[in-house]
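As structure tokens, the structure follows; a few thoughts come after it.
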Amino acid sequence: MNVPQAPPDVTSLRRRGSALAHNTLRNFEQWIAFIAPPPRLRILRPPLPVIAGAAAMLYLVVGVMFRFDAAGTAWARNLAQGVRDVFEEITNFGLSGWFLFPFGFILLGLAAIITSSLSRMSRGVLTALAARFGFLFLAIGVPGLFATVVKRLIGRARPFVGGHDDPFAYMPFIWRPEYAAMPSGHSTTSVAAAIAIGAIWPRTRWVMWLYALTIMLSRVVVLAHHPSDVIAGALVGAAGVYLVRRWFVARRLVFCPRDLRAYPGPSLRRIWAALRQGIAGAGASL
């Protein structure tokens with residue numbers, strides 16, 4: 001004879017879910033409280049070579065605008081339609097969501113499973129992992145947000161707006177997509193991702209830079225940007241990662257203050273062990 005099962009205790013499930021949500025929010029509050037206050041200004045102050053390099057890049061952007069923008073878009077327009085169709089697919093991989101969504105979900109998951117019931121080792125491993133993905137999220141998201149706002153304030157026209165190409169057509173402070181060319185958001189995201197991910201995992205640098213250069217080229221090929229737009233985007237991405245990295249260095253998070261290299265991360269064996277313990281604890285709470 002089948003014995004009817006008791007219905008789940010809805011009140012108990014809600015209570016456990018509320019506890020899990022509360023733990024997640026508490027972890028995020030602690031993380032934000034730790035990294036939000038401004039560090040010592042001398043740590044954030046860029047050295048002279050960095051300032052000189054940024055000035056040289058700005059000079060390069062202006063030079064490319066005058067010398068190569070019109071020629072670059074003319075070259076792209078004369079490419080075979082099949083080539084542009086391929087790059088139309090490639091360029092979509094320069095959207096920030098490819099990085100921000102998975103990194104954000106990882107941070108959310110870590111915030112949910114890091115509890116005081118974990119062993120000290122597991123808490124340390126998962127917290128170190130959260131710091132790394134927190135850096136990646138901010139290093140890609142912050143310059144991307146900056147580019148999104150600034151490009152609409154600058155108001156540079158995209159190639160062939162109005163049926164003809166004018167590299168010097170501007171409509172500042174207008175929030176229209178066709179006048180949001182400089183800096184390129186895809187270029188900002190791809191270069192920021194290449195530098196940030198390469199800083200955490202140096203062996204990936206060549207792959208990430210190949211990705212970034214391909215995305216930058218695609219923005220010119222699909223006639224979404226002039227060459228100077230993608231160079232400006234690369235500059236914004238690089239500067240954004242530099243500032244976020246220095247922000248973390250000031251708190252001795254992820255990177256060593258002496259040489260700016262990433263601290264050695266936990267091994268995969270320890271990560272899996274900590275994740276299993278954390279997931280088991282979160283599952284038991286539900």
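A protection proxy built from the mean count of other Cβ atoms within 10 Å ranks the segments 112-118, 256-262, most packed first, as 112-118, 256-262. Which one is right for this structure if Rg and Dmax of the Cα atoms in Å is calculated from it: (i) 23.3, 86; (ii) 18.5, 59; (iii) 19.0, 65? Recomputing Rg and Dmax of the Cα atoms in Å here gives the entry labelled (i). Counted by neighbouring Cβ atoms within 10 Å, the residues 152, 219 run from fewest to most as 152, 219.
Fewest-first ordering of 73, 11, 127 by other beta carbons within 10 Å of each residue's beta carbon gives 11, 127, 73. For the listed peptides 56-68, 221-233, 179-191, a ranking on the average number of other beta carbons within 10 Å per residue, highest first, reads 179-191, 221-233, 56-68.
Sorted fewest first by neighbouring Cβ atoms within 10 angstrom, 207, 150 come out as 207, 150.
Ranked by the mean number of other Cβ atoms within 10 Å of their residues, highest first, the peptides 245-252, 17-24 fall in the order 245-252, 17-24.
Charged neighbours of residue 198, selected by a Cβ distance under 12 Å, balance to +4 (K, R count +1; D, E count -1). Only helices at least 30 Å long along their axis, Cα-based, and averaging -0.5 or more on Kyte-Doolittle count here, so list those DSSP H runs from the chain. Answer set is 10-35, 120-154, 227-249.
We did not get these values from a lab; they are worked out from the coordinates using the rules stated. The shown structure was predicted, so the numbers you read here are calculated from the model rather than taken from an experiment. Here Cβ is always computed from backbone atoms with ideal geometry, including for glycine, and neighbour counts include all displayed protein chains.
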